[in-house]
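A short write-up of the structure that comes next.
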Amino acid sequence: MTPAPSSGADYACAILTIDLDAVAANYRLLRGAAAGACAAVVKADGYGLGAARVGARLAREGCRQFFVAQIEEGIALRPAVGAAEIFILNGLTAGAETAFTEHGLKPVLNDPGQIAAWRAHGEHLGAPQDAILHVDTGMSRLGLAPEEVETLAADPDGLKGLNLLYFMTHLVSGESLKNRINQDQKARFEAALARLEPLAPAARASLANSSGVFLGPDYHYDLTRPGCALYGVNPTDRAENPMRHTVTLMGRILQVRSIDAPQTVGYGATHRAGGPARIATVGVGYADGYLRHLSSNGTCYIGSTKVPVVGRVSMDLITLDVTGVPEADARPGGLVEVLGPNVTVDAAAAAADTIGYEILTSLGPRYRRVYIDADPETGG
Ligand SMILES: *Cc1c(COP(=O)(O)O)cnc(C)c1O
């Protein structure tokens, strides 16, 4: 008999397990909470989890609307999500019109030039094309500025030749439930809707990202656009996270060094073991997205024992103080929890002085990826 081929999971330096069942459960929770329809934001490769896998699973959960940032992301996503709508947040870049229609992508129109170009494309094709119109209510980033809304509203034919599906805006601080800026943005959005709806009476409205869903039904409108909450990041500023965790990262112990005399650990000699200690070296580094800010700052777990990162994070390695762990539990070949139930994405983000979004989107290409998917398309 030929031996079964190795899965690689037994020798990989780090194993990233992505729980698509948890992503699906998070989607169902968000959809159930929303007054209207619920899209899924899968930009930046599904916040690092794999846009095609996430998209395919959520399409099977009944998600009909997906958002990505870039047209290339939309092209890559198309085969995974069947006939679902794919919207491109970064808008219509010059010359991309044909690629949009070829791949069935719909632009979020962010400025008057894009409106004009998309209308011209519709005229060229002989039919008004679908789009979302983005109105800026406080980000000063993408979308129509207030004076551009006024100019547009002054022309009764300003949105003619487009099939406008939604007016959209984006929250600045949706995660701070008590922040007044949420109400201010909602009021500005309402004012813009009042001006623009006569130009496109069939268009609906979309405001809420993940956090906006938790601001209450007043913020839901017709389509919510959650991203981070799908992937388990806490969308609220409450202590209790309503979402399920979706990623577990286990790092392999490559070597364990016993230190007797005082000795420094790692680049720059930033950590000094003063007395007898055991240092485990694990095959995860900043090239994998284990942020260098976690030097002498991060935490891992062996079983239920906390083991601190000591010394600098290297490109391919971190060093952990495992002095308090029984030798049998911290051996070369063993695994340590780098992210998981004890080290949540939000906790790792807090230690790294960043946000869960950055921890997730930094998850590196060298990790061996294992997907949990109780509803796979191909039974694999
Ligand atoms: C990224 C993004 C979202 C999703 O935001 P989350 O905070 O991850 O839920 C929604 N809308 C727009 C315009 C975005 O850029």
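Some notes on this structure:
- Cβ charges +1 (Lys, Arg) and -1 (Asp, Glu), total dipole of the stretch 21-112, debye: 420
- Carbon plus sulfur fraction of accessible area for the stretch 238-380, probe 1.4 Å, in percent: 50
- The chain, accessible area per residue, ligands and nucleic acids excluded (1.4 Å, Å²): 44
- Size-normalised alpha-carbon gyration radius of the stretch 233-321, reference 2.2 N^0.38 Å: 1.24
- Ranked packing of 70-83, 119-132, 259-272, most packed first, by mean Cβ within 10 Å: 70-83, 119-132, 259-272
- Dimensions of the chain along the principal axes, based on C-alpha atoms and rounded to the nearest Å, stand at 81, 58, 37, largest first.
- Charged side chains reduced to their Cβ positions (Lys and Arg at +1, Asp and Glu at -1) give the stretch 285-377 a dipole of some 340 debye around its Cα centre.
- Applying a threshold of 28 Å to the alpha-carbon distances of Lys106/Lys178; Lys43/Lys186; Lys43/Lys306 flags Lys106/Lys178; Lys43/Lys306 as lying beyond it.
- For Gln129, nonlocal amide neighbours, meaning residues 5 or more places apart or on other chains whose placed amide H falls under 5 Å from its own, are Gly122, Asn163.
- Ellipticity at 222 nm from helices only: DSSP H runs of n ≥ 4 in the chain, each -39500 (n - 2.57), divided by the residue count, give -7000 deg cm²/dmol.
- Restricting the calculation to Cα atoms, the stretch 320-380 yields a radius of gyration followed by a Dmax of 15.6, 46 Å.
- At R0 = 25 Å, FRET efficiency that the Cβ-Cβ distance of Ala287 and Ala94 yields, to 0.05: 0.10
- Among Ala22, Ala96, Ala347, residue whose mean-square fluctuation peaks in a GNM of the chain (springs only between Cα atoms under 10 Å): Ala96
- Rounded to the nearest 20 debye, the dipole size of the stretch 144-288 about its Cα centre is 880 debye, using +1 on the Cβ of Lys and Arg and -1 on the Cβ of Asp and Glu.
- Selection from Pro332, Gly274, Cys228, by position along the positive dipole direction of the stretch 215-350 (Cβ): Gly274
The values are calculated or read from the model by the stated rules, or taken from the named source; none is laboratory data. Everything numeric here is computed off the predicted structure, so don't read it as measured data. Here the Cβ is made from the backbone with ideal geometry for all residues, glycine too, and neighbour counts use every protein chain on show. Ligands, DNA and RNA are stripped out before the accessible areas are found, and what is left, the full protein with its side chains, is counted by its heavy atoms. Shrake-Rupley method; radii C 1.70, N 1.55, O 1.52, S 1.80 Å.
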